[in-house]
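Okay, structure first, notes after.
The values are calculated or read from the model by the stated rules, or taken from the named source; none is laboratory data. Being a predicted model, the structure only gives us computed values, none of them experimental. Cβ: placed from backbone, ideal geometry, glycine included. Neighbour counts: every protein chain shown.
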C-alpha cells in the first residue's frame, strides 16, 4: 500500500525514470514526500527507500544532511530570514528579531497556531533586496518590519495562496518530454552520432 | 568614470518583463546560436569557445575550453550544470535561471553538442522554487520547439536535459559534492585525485561541470564568434561578467560589465552603478569576490575588475560578488557572521574544517558579544594557520575541498586590517559599535 497519493506516486515514478540510476532521484523524491506530508514522515521516507532501491536508514541519513528537509513536523509556511553578510549589513538580525515577536516563536520554532515555522537562513541569493525573506522558498521581498507584518497578515487571511503555495519546491514543476536514459542507450546514441559525424567529415574533405 | 560601452551578453533581455518566455526569446535571436552550432563540426564549436577564452564563471575561473579538452574519451559522458549558487552575496545565477532560462538551455545544448554529450543535468539550488519552475518550463518549451530531445532541428543530434533540485547545502556548489548529491547521497566532496570529474565523475563516467553563467555566454559566443568575445576585456579576462554588488551602497544590484575595463571604484561609486556609500558615508573595506575571498581596503579601489588583476592583489574575483562595508560596519561582527556561515555549512568530513570552523566561530562570537580576551587574536590566527598553513593566497589546503581554506579569509583579513578594533572588542568586553 503506497503512502504516497496516487498522483504523487505517479510523479515519483516519472522522476525515478529520469535518471540512469534510481538512487539519483533521492533529493527530488524527498521534496515530493515533504510536499505531501509537510515534513519527512517515516512512512514517506520508507516509500522513498523503496523507490530508490535503498533502505529507510540510508534515506534518513541522506535527508538529515540537507537543510531543506524536515524530520519533524513544521508549520504550513516556513519563513526564512537571512542574516548572512549582505543582509546583516541591511538589518537582517533586527528583522529576524522582529519576526520572532510577530510570529510569537523563536528561531527554529513554530507559531502557536501551527501555521508558521521561523528559520534563520544562510544566503538566499537575493542580496540587493536585503534583508532577504523567503516563505516556502518564494522570495517575498519584505525588507522592513511593516511590510513583513503585512505579508504575514495576508498569508493568515489566505490572500497569498496563489504566489506562496504549500511547501514542496517542486510543487509546480512538471516535465514534458520522454527520455532515453539508460547507459546502453546513451552509449549507442553517442556511437551513432560519432559515425554520422565521421561520415559527414569524410564527405566534406572529399 | 565607468566604461559602460559593451552591450550586455548574458543579461541582454533584462529590460523585458517577459524575458523568461519562449516568445520573447525567439524574438531576440533565441536559438540562433544553437542553429549555427549544429551546422558546424563539434570540434569547431569547441574551438570557438577556446578562442573566446571564456573563463568559468563559478568562482575558480578555470578556462571552460581547457576544462572540456581534459574530458576522458569514453562511451558515455555527462554534462552537469552547476546552478547551486550559494556563495554569500552572489545572486547572478538567480537572475539567469529566473529571467533568461531559455538562454541557459540553448547554451547547455551548444556545450553538449560540442562535447557530443547526449545527457545533461542542471543542478539548481532547492531554494530557487521559481527558478526551478522557469527552467523546467524552458526545457518543456524547447522540447516542443524541436530544440531539445531527438534529432534537434533536424541535425541528427539528440540531447535530454534533466533539472535536479538541490536541498539546501552550500557545499553542493563544489563540483564533486554536487555530483554526490546528483547521485542521491549526502553532499560530501570527493578527494581529487582520483575523482577529477573529467576522468571519474557522475556514475564514474567522465563528466564536465560548468556554471550557469558560463553556459549562458555560449549562444552569444557562437553567434558572434569567439574572437569577438575575446576582443572584450583584457588579458585573460575576456567578455563581460555579471557583478553582484551589495552591502552599504546606495544602489545595490547586478551589473553586467566588460571585464577589466572598470574598477571597484567605478562599480561602487558610479551614479549609474553602486552610486556611492549609504548616507554619503566613507568606505571602510570591501569583499571583492564572495565571502571566501580576502578583503580589500580603500587602497585597492582602483584595482580593475579582472581575474588576474584581483589575484595579483592576493585575493580573488571569485563569483563576482562585491560586498561593501562603510565606517559604521563592525569588522568583527562581519567576520564573525561569515565564520558562522562556514561553521554551519562545513560538511563535516575533514577535522580541520569541521572542528576549526566551530572553534573560530565561538571565539569570534565571544569577542563580538562579550567574554573575549586579547589573547584570542593570536589564538584565531593560530587556528586559521592550522586550517590553511601559512595563511597564504592562494591558500594551502589541509582538507578534501576548498571550503576549509576559505574559512580563514575573513578573520585573517579583519585582523590584518583592523587589529586595533579586535583589541577594543576584547577590552570593551563586546562590540564597540552597539
* Asked: Of the residues that sit in segment B:145-159 and are within 24 Å of residue B:76 (Cβ to Cβ), without any contact (Cβ under 8 Å) to a residue 24 or more places away in the chain and more than 7 Å from chain A (Cβ to nearest Cβ), which one is surrounded by the fewest Cβ atoms within 10 Å (Cβ to Cβ)?
  -> B:151
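Got a sec? Which of B:114, B:138, B:89, B:142 is at negative phi, surrounded by 24 or more Cβ atoms within 10 Å (Cβ to Cβ) and either at the interface with chain A (Cβ under 9 Å from one of its Cβ atoms) or assigned to a loop (DSSP other than H, G, I, E, B) (or both)?
B:142
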* Asked: Among (1) buried (at least 19 other Cβ atoms within 10 Å of the Cβ); (2) in contact with a strand residue (DSSP E or B) (Cβ under 7 Å, 6 or more places away or on another chain); (3) touching a residue at least 24 places away in the same chain (Cβ under 8 Å), which single condition is residue B:252 missing?
  -> (3)
* To do: Inspect segment B:160-174 for any residue being buried (at least 23 other Cβ atoms within 10 Å of the Cβ), farther than 23 Å from residue A:69 by Cα and in contact (Cβ under 8 Å) with a residue 12 or more places away in the chain and give the result as yes or no.
  => yes
* Asked: Does at least one position in segment B:313-323 carry a residue that is in a loop (DSSP other than H, G, I, E, B) and within 11 Å of another protein chain (Cβ to nearest Cβ)?
  -> yes
* Give the residue, chosen from B:355, B:361, that is part of a helix (DSSP H, G or I), free of Cβ contacts under 8 Å to residues at least 12 places away in the same chain and farther than 30 Å from residue B:234 by Cβ. => B:355
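A quick yes/no check of all residues on (1) within 14 Å of another protein chain (Cβ to nearest Cβ); (2) surrounded by 22 or more Cβ atoms within 10 Å (Cβ to Cβ); (3) in a helix (DSSP H, G or I); (4) in contact (Cβ under 8 Å) with a residue 24 or more places away in the chain:
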{"residue": "A:2", "(1), (2), (3), (4)": "no, no, no, yes"}
{"residue": "A:19", "(1), (2), (3), (4)": "yes, yes, no, yes"}
{"residue": "A:23", "(1), (2), (3), (4)": "yes, no, yes, yes"}
{"residue": "A:26", "(1), (2), (3), (4)": "yes, yes, yes, yes"}
{"residue": "A:30", "(1), (2), (3), (4)": "yes, yes, yes, yes"}
{"residue": "A:34", "(1), (2), (3), (4)": "yes, yes, yes, yes"}
{"residue": "A:45", "(1), (2), (3), (4)": "yes, yes, yes, no"}
* Asked: Is one or more of the residues making up segment B:52-64 surrounded by fewer than 24 Cβ atoms within 10 Å (Cβ to Cβ), assigned to a loop (DSSP other than H, G, I, E, B) and at the interface with chain A (Cβ under 10 Å from one of its Cβ atoms)?
  -> no
* To do: Working carefully through the options B:308, B:302, find the one that is part of a loop (DSSP other than H, G, I, E, B) and away from chain A (no Cβ under 13 Å).
  => B:302
* Flag for residue B:268 being modelled with pLDDT of 95 or more and in a helix (DSSP H, G or I) -> yes
* For segment A:39-55, state whether one or more residues are closer than 28 Å to residue A:150 by Cα, within 17 Å of the chain's Cα centre (by Cα) and at pLDDT 95 or above. => yes
* Would you check if there is a residue in segment B:199-206 being crowded, with 24+ Cβ neighbours inside 10 Å and within 23 Å of the chain's Cα centre (by Cα)? => yes
